[in-house]
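Structure, as structure tokens:
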Amino acid sequence: GTSGLNLVTMEEAESRSRALAGLSATSKIVNDRVAVRKDGTQINVEVHSVVVGEGAQRQYISVVRDLRPFQDAQRRLRESEDRYQTIFSNIPGGICITTRSGEFLEVNQAFCDLVGLSREQLFEKQHSFVAGGDGRLQQFYDRVVANGSDHADVDVTLHDGRLVQLEAFGTLLA
């Protein structure tokens, strides 16, 4: 076969040669490197190398994986997370994400403003504290769990005694 050192820049080849020479028969090495394609373009790769044999029989087996698909997927995920966070943070309606038992996992600022509590205060509470103990919000939650989603106009008495009219939408996430 062809030496894997032919796939990398001269500086990379020298560094790789030194690293491989230091491997024992039970060692393996994993590195992210820049490889040079036949057309001269450089790409990021991950190289897994192991030593096989000893003495005159010593050989190196390397597997090279192109990192571009992984890097593209990471970039798309970051972009998607950024879009989600932008929408979640800037939408004028209050949004909260809770567990089935009503513990807050995430809230946007509009929800905090609506109920008059900070994010930190909400994360220490359950929805029943925020909306008082009359059970209307729990009934809404129960319908969401039973049906997968629900929509209701609900008058809710908040923890501070204020009565607010909410148009509530709920969807059960996996």
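The values are calculated or read from the model by the stated rules, or taken from the named source; none is laboratory data. In this text the structure is predicted, and so the values were computed from the model without any measurement. Note: ideal-geometry Cβ built from the backbone for every residue, glycine included; neighbour counts use all protein chains shown. The accessibility values were calculated without ligands, DNA or RNA, using every heavy atom of the protein model including side chains. Shrake-Rupley method; radii C 1.70, N 1.55, O 1.52, S 1.80 Å.
Observations on the model:
- Counted over the stretch 43-174 with a bin width of 5 Å, the fraction of Cα pairs per bin, in whole percents, is 2, 9, 13, 16, 13, 8, 6, 5, 5, 5, 5, 5, 4, 3, 2, 1, 0.
- Within the accessible area of the stretch 58-147 (1.4 Å probe), percent carbon and sulfur: 53
- For the stretch 142-153, the Karplus equation 6.51 cos²θ - 1.76 cosθ + 1.60, evaluated at θ = phi - 60°, returns couplings of 4, 5, 4, 5, 5, 9, x, 6, 6, 9, 7, 8 Hz by residue, with Gly and Pro reported as x.
- Karplus-derived 3J(HN,Hα) values for the stretch 57-69, using 6.51 cos²θ - 1.76 cosθ + 1.60 with θ = phi - 60°, are 8, 5, 9, 10, 10, 10, 10, 10, 10, 5, 8, 4, x Hz; glycine and proline are entered as x.
- Measuring only protein heavy atoms, the 1.4 Å probe finds TYR84 accessible over about 110 Å².
- Heavy-atom SASA rank of LYS125, LYS38, LYS28 (probe 1.4 Å, accessible area, largest first): LYS38, LYS28, LYS125
- Gain on full extension, evaluated as 0.36 nm per residue between GLN121 and VAL64 minus their Cα-Cα distance, stands at 15.5 nm.
- Mean-position separation - Cα centroids, the stretch 31-60 and the stretch 100-124, in angstrom: 51
- Inter-site label distance for GLN71 and SER149 at 7 Å from Cα along Cβ, in nm: 3.9
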